[in-house]
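Chemist: I have a structure I would like to understand better, so I am pasting it below and will then ask my questions one at a time.
The values are calculated or read from the model by the stated rules, or taken from the named source; none is laboratory data. These figures come from a predicted structure and were not determined experimentally. So basically every Cβ, Gly included, is an ideal-geometry build from the backbone, and we count neighbours across all protein chains shown.
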Amino acid sequence: MPATRFARRILPHPDVLAKTPGLRWLGNYLGPRPWLWVAHRRRVALGAGLGLAVGVIPLPTQMPLAAAAAILFRGNVAAAVAATWITNPFTLLPIWSLAIFLGRLVSGHDGPIATPEMLALDWSHPDTWLPSLWLWVQALGTPLLIGLPLAGLVLGSLLYLLVYFAWWAVIRGERWRRLRERARQRKT
């Protein structure tokens, strides 16, 4: 099944959203702006890249911010919101490690940073966990604050390229498959 047909099949139509309670506003907004919802290679890749770039920064409002960025830059809103789900507790360590590396690289910070050993949690006293975690995050400091937007930019750009070229490869593969089928039918 071609990628565009698959994307059209799984994405709800703006008319369906306009009839859904709670999402009516979204359907009414997306209906006259189809470029924000259609499954187009560039728009989906842009939406995914923007979503991951916003999703890297730890905010409680990642999905609305990703949707707003997709609307602002005319990317696919659904792809932007879905790309924020890539950041989760399992991917936090690699993303933050990249962010700290990039932050140290750009800022020239060569001093010690927070290590897991510095996070000394007293497991018998849960009331000390949050203050201890906060002190550990503060010790990450400048490299993390500089590195998170840079990591978002790098990872978002990489996801844009990955989605764009993967979609291109699927389309190219579908064309080759159809051409082979036509050639086989002509021979018989």
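Chemist: From Ala70, Ala39, Ala80, which residue is outside any helix (DSSP H, G or I) and in contact with a helix residue (DSSP H, G or I) (Cβ under 7 Å, 6 or more places away or on another chain)?
Modeler: The unique qualifying residue is Ala39.
Chemist: Let me ask something else. Quickly run through the stretch 155-183 and pick out the residues that are of a type outside the set (Ser, Thr, Tyr) and under 17 Å from Trp85 (Cα atoms).
Modeler: Leu155, Gly156, Leu158, Leu159, Leu162, Val163
Chemist: Return the residues of the stretch 28-87 that are charged (D, E, K, R) and more than 18 Å from Trp167 (Cβ to Cβ); say none if nothing qualifies.
Modeler: Selection gives Arg33 alone.
Chemist: Here's another thing I want to ask about it. In the stretch 100-109, how many are at pLDDT below 90 and crowded, with 16+ Cβ neighbours inside 10 Å?
Modeler: The number of residues fulfilling the criteria is 4.
Chemist: Can you name the residue in the stretch 45-64 that is in a helix (DSSP H, G or I) and modelled with pLDDT under 90 and, of all such residues, is nearest to Ile146 (Cα to Cα)?
Modeler: Gln62
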